[in-house]
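The values are calculated or read from the model by the stated rules, or taken from the named source; none is laboratory data. Source: prediction; values computed, not measured. Positions of Cβ are generated from backbone atoms using ideal geometry, with glycine treated the same way; all protein chains shown enter the neighbour counts. Protein only, heavy atoms only, side chains kept; ligands, DNA and RNA dropped before computing areas. Shrake-Rupley method; radii C 1.70, N 1.55, O 1.52, S 1.80 Å.
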Amino acid sequence: MRMILEFEDVRYTYPGGGSEALCGLTIQIPEGKKCVLLGHNGCGKSTLFLHGNGIYRPDTGRVRWRGQALSYKRRDLLELRRQVGIVFQDPEQQVVASTVLEDISYGMCNLGVPEDEMKERIEAVLERFSLREFAERPIHQLSLGQKKRVALAGVMVLAPALLLLDEPTAYLDRLHTERLLAELDEIHRAGTTVLMATHDLDVAYAWADWIFVMNKGQLVCAGTPDEVFRDRDRLMSWQLGQPQLYEVWQEVAPLIQDEQSMAPRTVAQMIERIRKIGKKI
Ligand SMILES: Nc1ncnc2c1ncn2[C@@H]1O[C@H](COP(=O)(O)OP(=O)(O)OP(=O)(O)O)[C@@H](O)[C@H]1O
(Lines give C-alpha, C1' and ligand atoms only; values in the text may rest on other atoms or scores of the structure.)
Protein backbone atom coordinates (compact mmCIF):
# COMPACT_ATOMS: atom_id res chain seq x y z
CA MET A 1 0.00 0.00 0.00
CA ARG A 2 1.35 3.42 -0.98
CA MET A 3 0.93 6.19 1.59
CA ILE A 4 -0.29 9.58 0.46
CA LEU A 5 0.09 11.46 3.77
CA GLU A 6 2.14 10.41 6.79
CA PHE A 7 2.69 11.84 10.26
CA GLU A 8 5.68 10.70 12.25
CA ASP A 9 5.67 11.36 15.99
CA VAL A 10 4.01 14.76 15.56
CA ARG A 11 3.60 16.94 18.64
CA TYR A 12 1.68 20.20 18.64
CA THR A 13 0.47 22.61 21.32
CA TYR A 14 -1.71 25.58 20.38
CA PRO A 15 -0.11 28.92 21.23
CA GLY A 16 -1.28 29.64 24.78
CA GLY A 17 -3.27 26.38 24.57
CA GLY A 18 -1.91 24.57 27.65
CA SER A 19 -1.80 20.83 27.03
CA GLU A 20 -0.65 19.17 23.81
CA ALA A 21 -3.31 18.70 21.08
CA LEU A 22 -1.16 16.13 19.24
CA CYS A 23 1.01 14.01 21.52
CA GLY A 24 3.32 12.03 19.27
CA LEU A 25 0.85 11.27 16.48
CA THR A 26 2.04 8.67 13.99
CA ILE A 27 -0.42 7.86 11.21
CA GLN A 28 -0.19 6.70 7.60
CA ILE A 29 -3.02 7.46 5.21
CA PRO A 30 -3.12 4.92 2.37
CA GLU A 31 -3.60 6.24 -1.15
CA GLY A 32 -6.86 5.35 -2.88
CA LYS A 33 -8.83 4.36 0.20
CA LYS A 34 -12.08 5.58 1.74
CA CYS A 35 -10.80 6.33 5.23
CA VAL A 36 -12.66 7.42 8.36
CA LEU A 37 -11.13 9.05 11.42
CA LEU A 38 -12.91 8.40 14.71
CA GLY A 39 -12.25 9.80 18.16
CA HIS A 40 -13.96 11.64 21.01
CA ASN A 41 -14.40 15.42 21.09
CA GLY A 42 -11.09 17.22 21.44
CA CYS A 43 -8.85 14.20 20.62
CA GLY A 44 -7.10 16.13 17.83
CA LYS A 45 -8.86 15.23 14.55
CA SER A 46 -9.22 18.82 13.27
CA THR A 47 -5.68 19.60 14.41
CA LEU A 48 -4.44 16.64 12.33
CA PHE A 49 -6.29 18.01 9.28
CA LEU A 50 -4.80 21.47 9.71
CA HIS A 51 -1.33 19.90 9.75
CA GLY A 52 -2.22 17.86 6.66
CA ASN A 53 -2.20 20.87 4.36
CA GLY A 54 0.44 22.84 6.20
CA ILE A 55 -1.82 25.43 7.90
CA TYR A 56 -0.15 24.34 11.16
CA ARG A 57 3.41 23.16 11.53
CA PRO A 58 4.42 20.50 14.09
CA ASP A 59 6.39 21.58 17.15
CA THR A 60 8.35 18.35 16.68
CA GLY A 61 8.00 15.38 14.37
CA ARG A 62 7.40 15.27 10.63
CA VAL A 63 4.59 15.36 8.08
CA ARG A 64 5.21 13.74 4.68
CA TRP A 65 3.26 14.17 1.46
CA ARG A 66 3.82 11.30 -0.99
CA GLY A 67 6.99 10.38 0.87
CA GLN A 68 8.48 13.91 0.93
CA ALA A 69 8.75 15.99 4.12
CA LEU A 70 6.50 19.06 3.82
CA SER A 71 8.16 22.26 2.78
CA TYR A 72 6.64 25.30 4.46
CA LYS A 73 7.79 27.77 1.79
CA ARG A 74 4.88 29.86 0.49
CA ARG A 75 5.02 28.51 -3.07
CA ASP A 76 5.22 24.87 -1.93
CA LEU A 77 2.33 25.39 0.48
CA LEU A 78 0.14 26.80 -2.31
CA GLU A 79 0.79 23.67 -4.38
CA LEU A 80 0.17 21.41 -1.37
CA ARG A 81 -3.17 23.13 -0.69
CA ARG A 82 -4.25 22.47 -4.25
CA GLN A 83 -3.55 18.78 -3.69
CA VAL A 84 -4.93 18.48 -0.15
CA GLY A 85 -8.45 19.88 0.07
CA ILE A 86 -10.10 20.44 3.47
CA VAL A 87 -13.82 20.79 3.99
CA PHE A 88 -14.35 22.28 7.44
CA GLN A 89 -17.10 21.24 9.80
CA ASP A 90 -18.74 24.66 9.71
CA PRO A 91 -19.33 25.96 6.17
CA GLU A 92 -19.47 29.53 7.53
CA GLN A 93 -15.72 29.16 8.15
CA GLN A 94 -15.15 28.22 4.53
CA VAL A 95 -17.68 29.84 2.26
CA VAL A 96 -16.35 33.38 1.98
CA ALA A 97 -17.68 35.03 -1.19
CA SER A 98 -21.11 36.56 -1.64
CA THR A 99 -22.52 34.20 -4.30
CA VAL A 100 -22.10 30.49 -5.00
CA LEU A 101 -20.39 31.17 -8.31
CA GLU A 102 -17.90 33.59 -6.77
CA ASP A 103 -17.18 31.19 -3.97
CA ILE A 104 -16.46 28.27 -6.26
CA SER A 105 -14.20 30.51 -8.40
CA TYR A 106 -12.27 31.86 -5.42
CA GLY A 107 -9.63 29.12 -4.99
CA MET A 108 -8.95 28.96 -8.73
CA CYS A 109 -8.49 32.77 -8.92
CA ASN A 110 -5.92 32.51 -6.12
CA LEU A 111 -4.06 29.81 -8.03
CA GLY A 112 -4.19 31.75 -11.30
CA VAL A 113 -6.09 29.09 -13.27
CA PRO A 114 -6.66 30.38 -16.86
CA GLU A 115 -10.16 31.77 -17.47
CA ASP A 116 -11.27 29.18 -20.05
CA GLU A 117 -10.24 26.30 -17.84
CA MET A 118 -11.92 27.99 -14.88
CA LYS A 119 -15.23 28.21 -16.75
CA GLU A 120 -15.05 24.55 -17.74
CA ARG A 121 -14.32 23.40 -14.22
CA ILE A 122 -17.07 25.56 -12.73
CA GLU A 123 -19.62 24.16 -15.18
CA ALA A 124 -18.59 20.60 -14.31
CA VAL A 125 -18.76 21.18 -10.58
CA LEU A 126 -22.14 22.99 -10.68
CA GLU A 127 -23.51 20.03 -12.60
CA ARG A 128 -21.93 17.38 -10.41
CA PHE A 129 -23.09 18.89 -7.12
CA SER A 130 -26.51 19.94 -8.47
CA LEU A 131 -25.77 23.59 -7.71
CA ARG A 132 -26.69 25.16 -11.05
CA GLU A 133 -29.95 26.62 -9.80
CA PHE A 134 -28.09 28.26 -6.89
CA ALA A 135 -25.17 29.66 -8.94
CA GLU A 136 -26.16 33.33 -8.67
CA ARG A 137 -27.76 33.00 -5.26
CA PRO A 138 -26.32 34.99 -2.33
CA ILE A 139 -24.72 32.53 0.07
CA HIS A 140 -26.67 33.82 3.07
CA GLN A 141 -29.89 32.66 1.41
CA LEU A 142 -28.79 29.01 1.38
CA SER A 143 -29.66 26.36 3.95
CA LEU A 144 -26.87 24.82 6.04
CA GLY A 145 -26.97 21.64 3.93
CA GLN A 146 -26.69 23.69 0.73
CA LYS A 147 -23.78 25.70 2.16
CA LYS A 148 -22.03 22.41 2.93
CA ARG A 149 -22.43 21.37 -0.71
CA VAL A 150 -20.99 24.70 -1.84
CA ALA A 151 -18.00 24.21 0.48
CA LEU A 152 -17.39 20.72 -0.95
CA ALA A 153 -17.80 21.98 -4.52
CA GLY A 154 -15.33 24.83 -3.83
CA VAL A 155 -12.72 22.27 -2.75
CA MET A 156 -13.43 19.67 -5.44
CA VAL A 157 -13.17 22.24 -8.24
CA LEU A 158 -9.41 22.24 -7.54
CA ALA A 159 -9.31 18.45 -8.13
CA PRO A 160 -7.36 17.54 -4.97
CA ALA A 161 -5.57 14.19 -4.65
CA LEU A 162 -6.61 13.96 -0.99
CA LEU A 163 -9.89 15.22 0.45
CA LEU A 164 -10.10 15.80 4.21
CA LEU A 165 -13.66 16.21 5.50
CA ASP A 166 -14.43 17.31 9.04
CA GLU A 167 -17.79 15.87 10.11
CA PRO A 168 -19.46 16.32 6.73
CA THR A 169 -22.69 14.57 7.75
CA ALA A 170 -23.27 16.60 10.93
CA TYR A 171 -26.73 18.25 10.81
CA LEU A 172 -27.65 16.52 7.53
CA ASP A 173 -30.92 14.57 7.38
CA ARG A 174 -30.89 10.90 6.36
CA LEU A 175 -31.58 11.51 2.68
CA HIS A 176 -28.85 14.14 2.40
CA THR A 177 -26.41 11.97 4.36
CA GLU A 178 -26.97 9.13 1.88
CA ARG A 179 -26.63 11.52 -1.03
CA LEU A 180 -23.37 12.89 0.35
CA LEU A 181 -21.94 9.40 0.88
CA ALA A 182 -22.84 8.51 -2.72
CA GLU A 183 -21.08 11.69 -3.89
CA LEU A 184 -18.01 10.79 -1.84
CA ASP A 185 -18.06 7.35 -3.48
CA GLU A 186 -18.09 9.08 -6.84
CA ILE A 187 -15.19 11.37 -5.82
CA HIS A 188 -13.26 8.33 -4.61
CA ARG A 189 -13.97 6.39 -7.82
CA ALA A 190 -12.63 9.33 -9.82
CA GLY A 191 -9.27 8.93 -8.02
CA THR A 192 -9.31 11.10 -4.90
CA THR A 193 -8.28 9.56 -1.55
CA VAL A 194 -10.83 10.53 1.10
CA LEU A 195 -10.38 10.89 4.87
CA MET A 196 -13.53 11.76 6.79
CA ALA A 197 -13.65 12.65 10.50
CA THR A 198 -16.99 11.70 11.99
CA HIS A 199 -18.74 10.89 15.26
CA ASP A 200 -21.32 8.81 13.43
CA LEU A 201 -20.25 5.20 13.88
CA ASP A 202 -23.01 3.95 11.58
CA VAL A 203 -21.80 6.18 8.75
CA ALA A 204 -18.22 5.04 9.39
CA TYR A 205 -19.24 1.38 9.33
CA ALA A 206 -21.35 1.63 6.18
CA TRP A 207 -18.94 3.74 4.16
CA ALA A 208 -15.28 3.28 5.13
CA ASP A 209 -12.85 0.69 3.90
CA TRP A 210 -10.18 1.79 6.37
CA ILE A 211 -10.70 3.25 9.85
CA PHE A 212 -8.41 5.16 12.21
CA VAL A 213 -9.15 5.79 15.87
CA MET A 214 -7.53 8.66 17.74
CA ASN A 215 -7.49 9.10 21.50
CA LYS A 216 -5.89 11.97 23.39
CA GLY A 217 -3.78 13.25 20.51
CA GLN A 218 -2.49 9.84 19.40
CA LEU A 219 -3.46 7.10 16.96
CA VAL A 220 -4.63 4.07 18.94
CA CYS A 221 -6.04 1.80 16.25
CA ALA A 222 -6.18 1.37 12.46
CA GLY A 223 -7.75 -1.33 10.32
CA THR A 224 -10.74 -2.54 8.35
CA PRO A 225 -14.19 -1.83 9.87
CA ASP A 226 -14.43 -5.47 10.99
CA GLU A 227 -11.06 -5.34 12.73
CA VAL A 228 -11.71 -2.00 14.41
CA PHE A 229 -15.25 -2.65 15.63
CA ARG A 230 -14.70 -6.18 16.95
CA ASP A 231 -13.63 -5.33 20.51
CA ARG A 232 -16.42 -3.46 22.31
CA ASP A 233 -14.53 -2.97 25.59
CA ARG A 234 -11.57 -1.43 23.83
CA LEU A 235 -13.89 0.92 21.92
CA MET A 236 -15.63 1.91 25.17
CA SER A 237 -12.26 2.76 26.70
CA TRP A 238 -11.85 5.36 23.89
CA GLN A 239 -15.35 6.70 24.57
CA LEU A 240 -16.70 5.06 21.42
CA GLY A 241 -19.12 2.19 20.97
CA GLN A 242 -20.03 -0.17 18.16
CA PRO A 243 -22.20 0.69 15.13
CA GLN A 244 -25.83 -0.35 15.65
CA LEU A 245 -25.87 -2.71 12.70
CA TYR A 246 -22.69 -4.41 13.89
CA GLU A 247 -24.18 -4.87 17.39
CA VAL A 248 -27.40 -6.34 15.99
CA TRP A 249 -25.41 -8.68 13.73
CA GLN A 250 -23.40 -10.02 16.68
CA GLU A 251 -26.71 -11.23 18.15
CA VAL A 252 -28.32 -12.38 14.88
CA ALA A 253 -25.39 -14.27 13.28
CA PRO A 254 -25.26 -17.13 15.87
CA LEU A 255 -29.07 -17.50 15.77
CA ILE A 256 -29.13 -18.02 12.00
CA GLN A 257 -25.77 -19.84 12.06
CA ASP A 258 -24.13 -17.47 9.59
CA GLU A 259 -20.43 -18.20 9.85
CA GLN A 260 -19.06 -15.79 7.24
CA SER A 261 -16.26 -13.75 8.77
CA MET A 262 -17.39 -10.43 7.23
CA ALA A 263 -20.40 -8.85 8.91
CA PRO A 264 -22.91 -7.07 6.63
CA ARG A 265 -22.23 -3.34 6.25
CA THR A 266 -25.73 -2.11 5.39
CA VAL A 267 -29.28 -3.02 6.40
CA ALA A 268 -29.93 -4.22 2.83
CA GLN A 269 -26.92 -6.58 3.02
CA MET A 270 -28.08 -7.90 6.40
CA ILE A 271 -31.60 -8.62 5.12
CA GLU A 272 -30.14 -10.44 2.11
CA ARG A 273 -27.94 -12.63 4.37
CA ILE A 274 -30.89 -13.47 6.65
CA ARG A 275 -33.08 -14.34 3.65
CA LYS A 276 -30.39 -16.60 2.14
CA ILE A 277 -29.97 -18.55 5.37
CA GLY A 278 -33.79 -18.67 5.78
CA LYS A 279 -34.12 -20.35 2.37
CA LYS A 280 -31.57 -23.04 3.31
CA ILE A 281 -33.44 -23.81 6.56
N1 LIG B 1 -7.41 27.40 18.41
C2 LIG B 1 -7.18 26.66 19.49
N3 LIG B 1 -6.52 27.19 20.56
C4 LIG B 1 -6.25 26.45 21.66
N5 LIG B 1 -6.58 25.16 21.77
C6 LIG B 1 -7.24 24.57 20.76
C7 LIG B 1 -7.58 25.30 19.57
N8 LIG B 1 -8.22 24.47 18.73
C9 LIG B 1 -8.30 23.28 19.37
N10 LIG B 1 -7.72 23.33 20.57
C11 LIG B 1 -7.56 22.24 21.55
O12 LIG B 1 -6.83 21.19 20.93
C13 LIG B 1 -7.36 19.91 21.27
C14 LIG B 1 -7.72 19.16 19.99
O15 LIG B 1 -8.77 19.85 19.34
P16 LIG B 1 -9.37 19.42 17.93
O17 LIG B 1 -10.30 20.49 17.49
O18 LIG B 1 -8.27 19.04 17.04
O19 LIG B 1 -10.20 18.10 18.33
P20 LIG B 1 -11.29 17.28 17.49
O21 LIG B 1 -10.95 15.85 17.68
O22 LIG B 1 -11.36 17.79 16.11
O23 LIG B 1 -12.62 17.64 18.29
P24 LIG B 1 -14.17 17.62 17.82
O25 LIG B 1 -14.53 16.19 17.60
O26 LIG B 1 -14.86 18.21 19.00
O27 LIG B 1 -14.28 18.45 16.58
C28 LIG B 1 -8.56 20.17 22.19
O29 LIG B 1 -8.13 20.02 23.51
C30 LIG B 1 -8.92 21.61 21.91
O31 LIG B 1 -9.47 22.23 23.05
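Among the residues of the stretch 233-256, at least one is more than 16 Å from the ligand (Cβ to nearest atom) and within 26 Å of LEU144 (Cβ to Cβ).
This table checks each residue for (1) of a type in the set (S, T, N, Q); (2) within 16 Å of the ligand (Cβ to nearest atom); (3) over 19 Å from the mean Cα position of the chain (by Cα).
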{"residue": "TYR72", "(1), (2), (3)": "no, no, yes"}
{"residue": "VAL84", "(1), (2), (3)": "no, no, no"}
{"residue": "GLU92", "(1), (2), (3)": "no, yes, no"}
{"residue": "VAL100", "(1), (2), (3)": "no, no, yes"}
{"residue": "ARG121", "(1), (2), (3)": "no, no, yes"}
{"residue": "ARG137", "(1), (2), (3)": "no, no, yes"}
{"residue": "GLY154", "(1), (2), (3)": "no, no, no"}
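Being among the acidic types (Asp, Glu), part of a loop (DSSP other than H, G, I, E, B) and in contact (Cβ under 8 Å) with a residue 24 or more places away in the chain, is that true of even one residue in the stretch 1-11? No, the stretch 1-11 contains no residue that is among the acidic types (Asp, Glu), part of a loop (DSSP other than H, G, I, E, B) and in contact (Cβ under 8 Å) with a residue 24 or more places away in the chain. Whenever a residue of the stretch 36-52 is in a strand (DSSP E or B), its partners that are within 6 Å of the ligand (Cβ to nearest atom), lying with C-beta atoms within less than 9 angstrom and at least six residues away or across chains, give the pairs LEU37/LYS45; LEU38/LYS45.
Can you confirm whether the stretch 236-247 contains a residue that is closer than 27 Å to ASN53 by Cβ, over 19 Å from the mean Cα position of the chain (by Cα) and either outside any loop (DSSP other than H, G, I, E, B) or at pLDDT 95 or above (or both)?
yes
Residues in the stretch 129-171 that are closer than 20 Å to THR193 by Cα and either in a loop (DSSP other than H, G, I, E, B) or open to solvent by 70 Å² or more (accessible area, probe 1.4 Å) (or both): PHE129, VAL157, LEU158, ALA159, PRO160, ALA161, GLU167, PRO168, THR169. Among the residues making up the stretch 193-206, those that are open to solvent by 10 Å² or more (accessible area, probe 1.4 Å) and away from the ligand (no atom under 16 Å from the Cβ) are ASP202, ALA206. Considering the stretch 96-117, and only residues there that are without any contact (Cβ under 8 Å) to a residue 40 or more places away in the chain and farther than 15 Å from ARG82 by Cβ, the residue that is least open to solvent (accessible area, probe 1.4 Å) turns out to be LEU101.
Every residue, every condition in (1) modelled with pLDDT under 95; (2) open to solvent by 70 Å² or more (accessible area, probe 1.4 Å); (3) among the hydrophobic types (A, V, I, L, M, F, W, C), yes or no:
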position	(1), (2), (3)
THR13	no, no, no
VAL36	no, no, yes
ARG57	no, yes, no
GLY61	no, no, no
ALA69	no, no, yes
VAL84	no, no, yes
GLN94	yes, no, no
